[in-house]
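The structure appears right after this line, and notes come after that.
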Amino acid sequence: MRILVADDDPQIIRALKVTLRARGYDIVTAADGPEALAKTISHHPDLVMLDLGMPTLNGIEVIQGLRGWSQVPILIVSGRTDAADKVEALDAGADDYVTKPFAIDELLARIRALTRRLPAGEEKEPVVAFGDIRVDFSAKRVSASGGGAEPIRLTPTEWRILELLVLNPGKLVTRETLLTQVWGPNHTADTGYLRLYLAQLRKKLEPIPAHPRYLVTVLGMGYRFIADGSSG
């Protein structure tokens with residue numbers, strides 16, 4: 001059984017890897033929100049263990065991103081003990097909540113309980129459709145919805161930008177977040193790159209690239225993916 005452990009604390013990651021692997025679990029790790037989303041797509045975990053206070057995308061945003069296409073059990077493991085934090089996480093789509101520090105026996109019991117709930121074969125494939133476009137994250141394939149249409153070829157950089165936007169529907173993804181996640185922390189001022197690649201994506205995916213409906217600019221801040229095209 002595979003568990004994705006998403007936490008920005010290296011000591012927590014290290015402790016959980018040792019403990020859970022000793023119990024026979026296959027462990028995949030992520031240090032921030034976008035990495036957690038990407039590794040859920042690429043590794044298909046049976047359970048996601050998620051901290052709320054992660055950088056770039058926080059735990060609530062990751063839950064919302066996952067629940068757009070996946071019913072994988074989500075166990076929050078967080079140092080936040082306030083009831084409002086627990087309610088917000090559960091309302092967003094988490095299945096259970098454990099506070100740090102935790103007893104390992106309790107954590108293992110919660111894992112067993114959650115992984116019994118989802119019958120094999122019921123997980124939905126991560127596919128998002130908007131307009132005439134279909135994005136299959138599992139196959140890393142973009143295509144038009146018309147019968148017999150050829151795949152739409154994206155460069156790796158175009159794919160990464162599209163992934164970050166589409167996995168956060170309706171949410172502002174700042175220019176700094178996109179530049180950091182795609183090009184690295186030393187490129188946060190290179191907004192020209194971003195404008196160029198967004199223009200290329202719009203030419204490939206938007207009905208009228210000059211008037212985008214789905215990949216929308218938020219002036220002075222970043223970009224937003226609008227699934228139903230109702231940006232106006």
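Side notes on the structure shown:
- Scanning region 156-185 for residues that are over 25 Å from residue 92 (Cβ atoms) and in contact (Cβ under 8 Å) with a residue 40 or more places away in the chain yields 157, 158, 175.
- Of everything in region 105-156 that is touching a helix residue (DSSP H, G or I) at 6+ places or on another chain (Cβ under 6 Å) and either at positive phi or at pLDDT 90 or above (or both), the residue that is surrounded by the fewest Cβ atoms within 10 Å (Cβ to Cβ) is 152.
- Each residue in region 189-209 was checked for being in contact with a Lys or Arg (Cβ under 8 Å, 6 or more places away or on another chain) and farther than 18 Å from residue 129 by Cα, and 2 of them qualify.
- All positions within region 65-93 that are of a type in the set (A, V, I, L, M), touching a Lys or Arg at 6+ places or on another chain (Cβ under 9 Å) and within 18 Å of residue 4 (Cα to Cα): 74, 75, 76, 77, 89
- Flag if residue 202 is over 18 Å from residue 38 (Cβ atoms) and part of a helix (DSSP H, G or I): yes
- Residues located in region 157-178, provided they are part of a helix (DSSP H, G or I) and more than 22 Å from residue 140 (Cβ to Cβ): 175, 176
The values are calculated or read from the model by the stated rules, or taken from the named source; none is laboratory data. Everything numeric in this text was worked out from a predicted model, so none of it was measured. In this analysis, Cβ positions are derived from the backbone assuming ideal geometry, glycine residues included, and neighbour counts consider all displayed protein chains.
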